[in-house]
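> Please read through the structure below; I'll follow up with questions.
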Amino acid sequence: MNQNAPFRARAEIDLAALRDNVRALRARAPRAAVMAVVKSDGYGHGMVPCAKAALAAGATWLGTATPEEALALRAEGIEARVLCWLWTPGGPWREAVEAGVDLGVSDPWALGEVVRAAREAGRTARIQLKADTGLGRSGCQPADWAALVAEARVAEATGSVRVTGLWSHFACADEPGHPSIAAQLSVFSDLVAYAEKEGIKPEVRHIANSPATLTLPETHLDLVRTGIAMYGISPSPELGTPADFGLRPVMTLKASVALVKDVPAGHGVSYGHHYITDTDTALGLVPVGYADGIPRHASGRGPVLVGGAWRRVAGRVAMDQFVVDLGPDGAARVQEGDVAVLFGPGDQGEPTAEDWAEAADTIAYEIVTRIGARVPRVHLNELDG
């Protein structure tokens, strides 16, 4: 996309910032390999360009949730190691085995599907056994770990699989000092020791997500999985700002002002008239709404930089648009076609994704990942080749 062409809305993705973020995360975990997690279309930033940028900056693994994401990376010619962990019965196991994807396995049913797929493909599948050390989502319960390890060893003996990793996931690594952190790490250490005693020889052991990568060096082990931090967003305000960790937000969301008009005092704005002008003023129409991922929960609160000043969403966010009150002299300072910046790094005075998260009573993860497909991603600072 021509960066100077007129646009309704666009998300500018600064790949130079992403590469710098990966380097900063590598420095935080100098003895561990880095997995760049690119699930959910790269947290809304564009999976393939972000994957390539992360690899260029020194990440050696990629992480996806769904097998479709992993296979899409392969279809783009990306040959790096990829771990995919969110499987359902009947999934594209054989295709993933043939593509050389490492498969997350939490249960004997999944191991059985991998073994069948490997036999059909005529090649050894790479699997990583996941333990539920306390998060309570996917992963094998400690009580069932011995059985899963035993079945994996049998599958290894037949040549159907190779166990390349042992891993788990924290529940509260973004809450400094939470007692579950030490408890989970202890359980994981015990389960890893048991698996290794039984003959499992993993290439990587890993449990550290973004917050653990940033603040818990004792959890780094062989590999750290960096998701939201790679995109320059702090996993939690309690941990610190992106700048505190040497990170820079990668996405800047912009829209062109579609209409500016003067209205009298007492004029209702948007559905339900939850906002009434208290004086003669100018209204500006921003042509993005909840169909574009702008949270309706931020109605009346979402911040926007337009005309050199912060404005708040006036009234409800609609499906395709929302309104800001520009003030009595707004029409003299803002015109149709001017750029409204919803969020970005914040160093030019614009709001950040965290500001929108606060306005919508959610987390910044949701703000960036929910930006919809009809908002074009413009990838800046791509490397040649």
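> Amide H to amide H, which residues 5 or more places from Leu326 or on other chains are under 5 Å from it, using H placed in the peptide plane?
Ala282, Leu283, Gly284
> Okay, moving on. Just by accessible area at a 1.4 angstrom probe, what is the order of Asp347, Asp107, Asp384 from largest to smallest?
These residues rank, largest area first, as Asp384, Asp347, Asp107.
> Amide H neighbours of His379 under 5 Å, counting only residues 5+ apart in sequence or on other chains, H built in-plane at 1.01 Å?
Ile13
> How big is the equivalent ellipsoid of the stretch 172-246 along its three axes, where each semi-axis is √(5λ) from the Cα gyration tensor, reported in whole Å from largest to smallest?
In descending order the semi-axes read 27, 14, 7 Å.
> Follow-up question, since we're still on this one. Residue-wise, which Karplus ³J(HN,Hα) couplings in Hz belong to the stretch 166-171, taking 6.51 cos²θ - 1.76 cosθ + 1.60, θ = phi - 60°, and x for glycine or proline?
Listing the rounded values in order: 10, 7, 7, 9, 6, 8 Hz.
> Using only the Cα atoms of the stretch 5-117, each taken as one equal point scatterer with no solvent, compute I(q) by the Debye sum, divide by I(0), and report log10 of the ratio at q = 0.10, 0.13, 0.16 Å⁻¹.
-0.34, -0.54, -0.76
> Another question, then. Please state the relative contact order of the chain as a whole percent: Cα pairs under 8 Å, 6+ residues apart?
It comes to 18 percent, rounded to a whole number.
> Per 5 Å bin from zero, what fraction in whole % of the C-alpha pairs of the stretch 207-271 is there, up to the bin with the longest pair?
4, 14, 18, 14, 9, 5, 6, 9, 9, 5, 4, 2, 1
> Let me ask another. If you plug each phi of the stretch 318-326 into the Karplus form 6.51 cos²θ - 1.76 cosθ + 1.60 with θ = phi - 60°, what whole-Hz ³J(HN,Hα) values come out, in order, with x for Gly and Pro?
9, 4, 10, 6, 8, 10, 10, 8, 8
> Please list 270-283, 207-220, 138-151, 238-251 highest first by mean number of surrounding beta-carbon atoms within 10 Å per residue.
Per-residue Cβ counts within 10 Å, averaged per peptide and sorted highest first, yield 207-220, 238-251, 138-151, 270-283.
> Using only the alpha-carbon atoms of the stretch 58-169 as identical scatterers, what base-10 log of I(q)/I(0) does the Debye formula give at q = 0.09, 0.11, 0.14, 0.16 Å⁻¹?
At q = 0.09, 0.11, 0.14, 0.16 Å⁻¹ the computed log10 ratios are -0.21, -0.31, -0.51, -0.67.
> Which whole-number value in Å² is the accessible area per residue of the chain, probe 1.4 Å?
On a per-residue basis, the chain sits at 42 Å².
> Report which label in [x] 5, 20, 25, 20, 13, 9, 6, 2, 0; [y] 5, 22, 27, 21, 14, 7, 3, 1; [z] 5, 22, 31, 25, 11, 5, 1, 0 holds the value of P(r) over Cα pairs in 10 Å bins from 0, in percent derived from the coordinates of this structure.
Recomputing P(r) over Cα pairs in 10 Å bins from 0, in percent here picks out [y].
> Let me ask something else. Just going by the charge dipole of the stretch 304-385, with Lys and Arg at +1 and Asp and Glu at -1 on Cβ, which of Val317, Ile363, Val334 is farthest out on the positive end?
Selected residue: Val317.
> For a 22 Å ceiling on Cα separation, which of these pairs sit above it: Lys130/Lys201; Lys39/Lys197; Lys39/Lys201?
Lys39/Lys197; Lys39/Lys201
> For the stretch 227-385, what % of the accessible area comes from carbon and sulfur atoms, probe 1.4 Å?
Roughly 50 percent of what the probe reaches on the stretch 227-385 is carbon or sulfur.
> I would also like to ask the following. Report ³J(HN,Hα) in whole Hz for each residue of the stretch 265-275, in order, from the Karplus equation J = 6.51 cos²θ - 1.76 cosθ + 1.60 where θ = phi - 60°; Gly and Pro get x.
4, x, 8, x, 10, 6, 4, x, 6, 6, 10
> If you scale each eigenvalue of the Cα gyration tensor by 5 and take the root, what three semi-axes come out for the stretch 319-385, rounded to whole angstrom and sorted largest first?
Working from the Cα gyration tensor, I get semi-axes of 25, 18, 14 Å.
> So how far apart, in nm, are the two label points at Arg23 and Thr362 if each is 7 Å from Cα heading toward Cβ?
Label-label distance for Arg23 and Thr362, simple model: 3.3 nm.
> Shifting gears a bit: Can you give me the long-range amide H partners of Val161? Hydrogens built in the peptide plane at 1.01 Å from N, cutoff under 5 Å, separation of 5 or more residues or another chain.
Those lying under 5 Å, H to H, from Val161 are Ala125, Glu156.
> For the stretch 13-65, with all protein chains present and a 1.4 Å probe, just round the carbon and sulfur fraction of the accessible area to a whole percent.
48 percent
> Beyond 20 Å, what share of the Cα-Cα pairs of the stretch 185-312 remains, rounded to the nearest whole percent?
That tail contains 65 percent of the Cα-Cα pairs.
The values are calculated or read from the model by the stated rules, or taken from the named source; none is laboratory data. In this text the structure is predicted, and so the values were computed from the model without any measurement. For neighbour counting, all protein chains shown are included, and Cβ atoms are generated from backbone atoms with ideal geometry for every residue, glycine included. Each accessible area value is taken on the protein alone, full model and side chains, heavy atoms only, with ligands, DNA and RNA left out. Shrake-Rupley method; radii C 1.70, N 1.55, O 1.52, S 1.80 Å.
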